[in-house]
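Structure first, commentary second.
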Amino acid sequence: MASSEWRVVNGTDTNRDLLLVAHHAEGRGLTMQGRLIGAHMSTAGGLHNAFYKGKEIGCTAIQLFTVSPRQWQPVMVDETQVEAFNRARQETGIQSVVSHAIYLINLASPDPETRRKSFHAYLAELRRCAALGIPYAVLHMGSNPDFEAGMRLLIENLRQLLQEMPDGVHITMETMAGQGSSLCYRFEHFAQILNALPSEKLVLCADSCHLFAAGYDLRDPESYEATWQAFDRLIGLSRLRVWHLNDSKKPLGSRVDRHEHIGQGELGEGAFRLILNDPRFAHLPMLLETPDDTRFAEDLARLRSYITDDETVVR
Ligand SMILES: [Zn+2]
Ligand SMILES: [Zn+2]
């Protein structure tokens, strides 16, 4: 896609829009190359490097941290970073970019100081994403030993974020594995949030490992379909905007979050074949967070090999 076309769609809010524009621009059906499949890339040496490293291993979408994930500092990106970022995006042709918020954030924490720092860190994340043209900022939903208190605190923080956040970016809530006292590992938990805050800026990221660990089976067509029926009924499939594709080291319902390489874990090849060939998801960015990044290329090749119908993206 030419750079002028990219500029036109830069402000739109879904990757699907981008794809449809790309589709019309090229005047043909989207092939397997049009699928948005990639990985969480390192930003060592600058945010823009995630694009070049992603391109090297065959990514057509990437995820990155816009700041170091282990520190609170609510920094802003500067003009030079934004320019380098936009240039890398154009040069690599990787238009689909997702950010992952830092792991320290816990909007549901019983500790007011942690909640305050979390709020400002995530707001800064949303602002950086808006400046960089990143439509999705993936968020872990936090934890609290008192589940209902945690949900209330989380909802209050999200309400405030919705008021203060910039346009052009979505609060992208990740389905959690349910480890320890973490919130939002059942679709009902997201339904509770969305009933309180029916905003279009609240969307979801489905993590295959987390879903499975939380008890949602994806391995055979019947349970796979039952999972998505439930998701659609409680949340709405149109809210699903990002996939994290990870196999699981731990069994169904273990509520333990341990990623495994694609096809090598408890989920196995079957689940990924179903996801990759599901026309409801074919326009979504699908990103690896498997444990060893030197094996990303191998995992990507495996994912692509599962796609049997290269026209699935055209709905
Ligand atoms: Zn995550
Ligand atoms: Zn995980």
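The values are calculated or read from the model by the stated rules, or taken from the named source; none is laboratory data. Note that the coordinates shown come from a computational prediction; the quantities given were computed from them, not determined experimentally. All Cβ positions, glycine included, derive from the backbone under ideal geometry; neighbour counts span all protein chains shown.
GLU269 fails exactly one of the following numbered conditions: (1) more than 23 Å from LEU139 (Cα to Cα); (2) buried (at least 16 other Cβ atoms within 10 Å of the Cβ); (3) free of Cβ contacts under 8 Å to residues at least 40 places away in the same chain; (4) of a type in the set (D, E, K, R). What is the number of that condition?
So the condition that GLU269 fails would be (2).
Among the candidates GLN264, GLN229, which residue alone is closer than 22 Å to THR172 by Cα and more than 16 Å from ligand 1 (Cβ to nearest atom)?
Of GLN264, GLN229, the one residue that is closer than 22 Å to THR172 by Cα and more than 16 Å from ligand 1 (Cβ to nearest atom) is GLN229.
Does at least one position in region 195-209 carry a residue that is of a type in the set (Val, Ile, Thr), surrounded by 15 or more Cβ atoms within 10 Å (Cβ to Cβ) and farther than 21 Å from LYS117 by Cα?
Our first condition is that a residue be of a type in the set (Val, Ile, Thr); within region 195-209, this holds for 203.
From what's left, surrounded by 15 or more Cβ atoms within 10 Å (Cβ to Cβ): 203.
Those still in the list that are farther than 21 Å from LYS117 by Cα too: 203.
Yes: region 195-209 contains one or more residues that are of a type in the set (Val, Ile, Thr), surrounded by 15 or more Cβ atoms within 10 Å (Cβ to Cβ) and farther than 21 Å from LYS117 by Cα.
Out of curiosity, is ARG219 modelled with pLDDT of 95 or more, of a type in the set (Lys, Arg), buried (at least 16 other Cβ atoms within 10 Å of the Cβ) and closer than 27 Å to ILE193 by Cα? Quick ask: steps written out before the conclusion?
On the way: modelled with pLDDT of 95 or more: yes; of a type in the set (Lys, Arg): yes; buried (at least 16 other Cβ atoms within 10 Å of the Cβ): yes; closer than 27 Å to ILE193 by Cα: no.
Taking the combined requirement at face value, the residue does not satisfy it.
Filter region 164-181 down to residues that are surrounded by fewer than 23 Cβ atoms within 10 Å (Cβ to Cβ), within 29 Å of ARG258 (Cα to Cα) and in contact (Cβ under 8 Å) with a residue 40 or more places away in the chain and give me whichever is farthest from ligand 1 (Cβ to nearest atom).
It comes out as GLY178.
Consider PHE119 carefully, then state whether it is closer than 20 Å to ILE37 by Cα, free of Cβ contacts under 8 Å to residues at least 60 places away in the same chain, more than 16 Å from ligand 2 (Cβ to nearest atom) and in a helix (DSSP H, G or I).
no
Considering only residues that are touching a helix residue (DSSP H, G or I) at 6+ places or on another chain (Cβ under 7 Å), without any contact (Cβ under 8 Å) to a residue 40 or more places away in the chain and part of a loop (DSSP other than H, G, I, E, B), look in region 184-215 and name the one that is nearest to ligand 1 (Cβ to nearest atom).
Among them, the one singled out is LYS201.
Select from region 272-285 the residues that are crowded, with 18+ Cβ neighbours inside 10 Å, more than 16 Å from ligand 1 (Cβ to nearest atom) and assigned to a loop (DSSP other than H, G, I, E, B) and list them in ascending order.
Those that are crowded, with 18+ Cβ neighbours inside 10 Å, more than 16 Å from ligand 1 (Cβ to nearest atom) and assigned to a loop (DSSP other than H, G, I, E, B): PHE281, ALA282, HIS283.
Sort through GLU83, GLU125 and tell me the only one that's among the acidic types (Asp, Glu) and within 18 Å of ASP167 (Cβ to Cβ).
Numbers: GLU83 fails: within 18 Å of ASP167 (Cβ to Cβ).
Selected residue: GLU125, the only one of GLU83, GLU125 that is among the acidic types (Asp, Glu) and within 18 Å of ASP167 (Cβ to Cβ).
Confirm whether PRO69 is in contact with a His (Cβ under 9 Å, 6 or more places away or on another chain), of a type outside the set (Phe, Trp, Tyr) and in a loop (DSSP other than H, G, I, E, B).
Yes; evaluated as a whole, the condition is true for this residue.
Residue by residue through region 219-258, note down the ones that are aliphatic (A, V, I, L, M), within 15 Å of ligand 2 (Cβ to nearest atom) and more than 17 Å from the chain's Cα centre (by Cα).
Result: VAL256, single match.
Consider region 236-250. How many of its residues are within 16 Å of ligand 1 (Cβ to nearest atom) and either over 23 Å from ASP299 (Cα atoms) or hydrophobic (A, V, I, L, M, F, W, C) (or both)?
The number of residues fulfilling the criteria is 4.
Any residue at all in region 35-46 that is within 22 Å of LEU284 (Cα to Cα), of a type outside the set (D, E, K, R), modelled with pLDDT of 50 or more and surrounded by fewer than 18 Cβ atoms within 10 Å (Cβ to Cβ)?
There is at least one residue in region 35-46 that is within 22 Å of LEU284 (Cα to Cα), of a type outside the set (D, E, K, R), modelled with pLDDT of 50 or more and surrounded by fewer than 18 Cβ atoms within 10 Å (Cβ to Cβ).
Name every residue in region 89-123 that is closer than 30 Å to GLY58 by Cα and small (Gly, Ala, Ser), in order of residue number.
GLY93, SER96, SER99, ALA101, listed by residue number.
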